[in-house]
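Notes follow the structure.
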Amino acid sequence: EAGALWGGRFAGGPSPELAALSKSTQFDWQLAAYDIAGSRAHATALAAAGYLSEAELGAMLEALAALDTAVATGEFVADDADEDVHSALERGLIERAGPELGGKLRAGRSRNDQIATLVRLYLRDHAGVIAEQLIALIDAIASQADAHPTAILPGRTHLQHAQPVLLAHHLLAHCWPLVRDLERLADWDKRANVSPYGSGALAGSTLGLDAKLVASELGFAHSVENSIDGTASRDVVAEFAFIAAQIGIDLSRFAEEIIIWNTREFGFVTLDDSYSTGSSIMPQKKNPDIAELARGKAGRLIGNLTGLLTTLKGLPLAYNRDLQEDKEPVFDSVTTLEVVLPAFTGMVATMRFHTERMAELAPQGFSLATDVAEWLVKRRVPFRDAHEITGTLVRFAEERGLELADLDDAQLASVSPLLTPDVRDILTIEGSVASRDGIGGTAPERVREQLSALTERVRML
Ligand code: ARG
């Protein structure tokens, strides 16, 4: 059969059912340019080992360049008979270099070491794209923090009012996980920066080809130490899928807050029209679909990771065809992130904060109670007693439908003689925030430092 890479030992061609199941060009065609790059490097190694003459190498590289262009322009595409990207491209090479020369390139390599290498090339390229997109998002969040240096947000635990914090502090708390995701991608690359080319089907090759030469032609710093590991492992792919899922989760947690902030009840933010959607029936609606899609797609990213891990579990060494199932999930994770991240960044960059609304709610729900307790501690009251006194004060106020700042001198004294009128001086949200000035605290001064530390950390990457 024309395009097949195997067939000699078979009396007939594959059944249509097998061909339909086995076919992977519908997704591995994305690897075509990387396959050709691998072929170029492999041709160089074949020539260096004496399997191609200088003239043959020249002709081979010319044919590969022509094929590369034909793929890029869409003039050459996989056809129905092609099993995978490798078989299709061999067909394309033979069409351009002739069967004699074109048939020489396959020596000393297998689709098993090819595919393991190509997936890494693809992922390393896209890791670069995703890192750039993450940096843009971190910049957008950090710019919002920078633009709101004193705005107050009701800080929450259990979604209940807890303590007031700076909006900037809260926003930066969404940046740090993304910074760690960036660092994860950089760290992942140490393991991805190793070429499996030369591992052959599983045991290497007898031809004495220079795997290090191939590796460096393809931009890898190293070549694998073990040909079985080179063809059978996919932990580097799974680790990438994990990082993608973690990025999805980090976006999803922020998305959930934006959705809540954007409700009428909260009224903390307004999303820009160009980053919101309408309803086909309710004319008044303006929906936070970007945040919802980001939240929803986190599920898909997690699914891709768990699907891949499940495929790998229990697979004996070395290559098994199950490994073909690594690509669709991880490709999907890449495509998903590459479309979610820019939209999310645009939404964040154009989001307007209603700082008066946030400031108005911040002192409610007795969010300054901890400040009162710590004020007592500064007067050398044991914290256990301070906690008890403040708790009684909260109950006293709550029963009367008052906030702490509304209580008069006599009411304060009736709860405890230790609650002298000057306690009211600390019952302001600005004072509360400013006094949390330890390392990592929400005081404006600390948050300013934090912003520079964050910028510096991203710049170092
Ligand atoms: N398409 C396969 C994959 O994605 C590579 C081909 C290996 N095929 C084989 N029969 N050994 O993993």
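The values are calculated or read from the model by the stated rules, or taken from the named source; none is laboratory data. What you are looking at is a predicted structure, and each value in this text was computed from that prediction instead of being measured. Heads up, the Cβs are rebuilt from the backbone with ideal geometry, glycines too, and the neighbour counts pull from every protein chain shown.
Which one of the conditions (1) hydrophobic (A, V, I, L, M, F, W, C); (2) assigned to a helix (DSSP H, G or I); (3) buried (at least 20 other Cβ atoms within 10 Å of the Cβ); (4) more than 16 Å from the ligand (Cβ to nearest atom) does A131 fail to meet, given that it meets all the rest? Result: A131 passes all but (3). Checking the stretch 332-354 against the condition returns no match, with no residue being part of a loop (DSSP other than H, G, I, E, B) and closer than 24 Å to R424 by Cβ. The helices (runs of 4 or more DSSP H) located wholly in the stretch 375-445 that include 2 or more residues which are at pLDDT 95 or above and within 30 Å of L171 (Cβ to Cβ) occupy 383-399. I'd like the full set of residues that are loosely packed, with under 12 Cβ neighbours inside 10 Å and farther than 20 Å from R109 by Cα, limited to the stretch 3-53. Matches in the stretch 3-53: F10, A11, G12, S15, P16, E17, L18, A20, L21, Q26. The set of residues in the stretch 70-104 that are within 16 Å of the ligand (Cβ to nearest atom) and either over 21 Å from E328 (Cα atoms) or of a type in the set (D, E) (or both) comprises D82, E83, D84, E90, R91. For the stretch 116-170, filtering for residues that are polar (S, T, N, Q) and closer than 17 Å to M351 by Cβ leaves 2.
Counted as qualifying within the stretch 227-331 are the helices (runs of 4 or more DSSP H) with 2 or more residues that are among the charged types (D, E, K, R) and crowded, with 20+ Cβ neighbours inside 10 Å, namely 289-312.
Of all residues in the stretch 372-388, one or more are on the phi > 0 side of the Ramachandran plot and either surrounded by 20 or more Cβ atoms within 10 Å (Cβ to Cβ) or of a type in the set (D, E, K, R) (or both).
Among the residues of the stretch 223-269, just one is touching a Ser or Thr at 6+ places or on another chain (Cβ under 9 Å), without any contact (Cβ under 8 Å) to a residue 40 or more places away in the chain and among the β-branched types (V, I, T), namely V224.
For the stretch 384-401, the set of residues classified as within 10 Å of V372 (Cβ to Cβ) and over 46 Å from the mean Cα position of the chain (by Cα) consists of I389, L393, listed by residue number.
The residue pairs whose first member lies in the stretch 314-333 and is closer than 13 Å to L202 by Cα, whose second member is aliphatic (A, V, I, L, M) and near the ligand (Cβ under 9 Å from one of its atoms), and whose beta carbons are closer than 8 Å, counting only pairs six or more residues apart or on different chains, are A318/A201; Y319/A201. Taking first residues from the stretch 58-87 that are touching a residue at least 12 places away in the same chain (Cβ under 8 Å) and in a loop (DSSP other than H, G, I, E, B) and partners that are within 16 Å of the ligand (Cβ to nearest atom) and aromatic (F, W, Y), the Cβ contacts under 7 Å between residues at least 6 apart in sequence or on separate chains come to A78/W29. F353 passes every criterion in (1) surrounded by 13 or more Cβ atoms within 10 Å (Cβ to Cβ); (2) of a type outside the set (S, T, N, Q); (3) within 16 Å of the ligand (Cβ to nearest atom) apart from (3).
Against the test of being touching a residue at least 40 places away in the same chain (Cβ under 8 Å) and either within 28 Å of A245 (Cα to Cα) or part of a helix (DSSP H, G or I) (or both), the options P177, P99 yield a single qualifying residue, P177.
One residue stands out among those in the stretch 437-461 that are closer than 22 Å to L185 by Cβ and β-branched (V, I, T): the one that is surrounded by the fewest Cβ atoms within 10 Å (Cβ to Cβ), which is T455.
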